[in-house]
Amino acid sequence: MLFTDPPYSSGGLHSGTRKQSTGQKYINNATAMEYEDFNFDNMDQRSWSFWCHSWLIAAQRAMKPGGLLVCYIDWRQMATLTDVIQAAGFTLRGIAVWDKTTGRSRPRKGGFKQQAEFILWASKGDMDKDASVYLPGVFSTALDFPKKHLTEKPIEVARQVVRLVPEGGTVLDLFAGCGTHLVAAQEAGLKWVGCEENARIHKVAAGRLH
């Protein structure tokens, strides 16, 4: 399984906002300095789609037939990513929702709260017809604070997702961050491979794994 949470390269309505550091874009108070910035989050949509295609097609070629892709995304880039996933050779299977719950979401004056992120999932060809795991389509889970990474995702969701990996399988996370997906894979007795270019964030992930 490729289970990952890439930089969304959104976080703003205009190009000037998107080119800010990740701390400036995603945190609006003094806590921004507590988190490491990360790369690949200031591209325009066209460049971002080409970039995503490059790593998705490489991963697709390395996966076994029937292998799954599970990828977080936000509402701004979801439509683009559904196209890129299919262009990379995957069969798009659907969308799940991470409901951050009302206490962990951004209010929008005159509109709706930014309360959800999305999980696109796809397969390399036909899925395993003998699979017997059924997951919900909505995960209502608040992220624990303090966070270990600026865009950390809940371990509770990761633990559910890795149930889709067959015994003896491998979880690959190309944007491992603080290692949440790898921790869930390790807890489940699965093999795992993670990539993280930021040395300080890598150290946090390594400290969670044994």
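The values are calculated or read from the model by the stated rules, or taken from the named source; none is laboratory data. Keep in mind that what you see is a predicted model, and the values were worked out from it rather than measured. Cβ atoms come from the backbone with ideal geometry, glycine included; neighbour counts cover every protein chain shown.
Odds and ends about this structure:
- The listed residue being surrounded by 16 or more Cβ atoms within 10 Å (Cβ to Cβ) and either outside any helix (DSSP H, G or I) or in contact with a Cys (Cβ under 6 Å, 6 or more places away or on another chain) (or both), out of Val157, Val183, Val161, Val171: Val171
- One residue from Lys203, Lys147, Lys129 being surrounded by fewer than 21 Cβ atoms within 10 Å (Cβ to Cβ) and either touching a helix residue (DSSP H, G or I) at 6+ places or on another chain (Cβ under 8 Å) or part of a helix (DSSP H, G or I) (or both): Lys203
- Filtering segment 45-100 to residues that are in a loop (DSSP other than H, G, I, E, B), in contact with a helix residue (DSSP H, G or I) (Cβ under 9 Å, 6 or more places away or on another chain) and among the aromatic types (Phe, Trp, Tyr) leaves only Phe90.
Rundown of residues vs (1) touching a residue at least 60 places away in the same chain (Cβ under 8 Å); (2) in contact with an Asp or Glu (Cβ under 6 Å, 6 or more places away or on another chain), yes/no style:
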{"position": "Glu167", "(1), (2)": "no, no"}
{"position": "Leu172", "(1), (2)": "yes, no"}
{"position": "Gly179", "(1), (2)": "no, no"}
{"position": "Gln186", "(1), (2)": "no, no"}
{"position": "Val193", "(1), (2)": "no, no"}
{"position": "Ile201", "(1), (2)": "yes, yes"}
{"position": "Gly207", "(1), (2)": "no, no"}
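- Scanning segment 52-74 turns up no residue that is of a type in the set (Phe, Trp, Tyr), modelled with pLDDT of 95 or more and over 19 Å from Ser9 (Cβ atoms).
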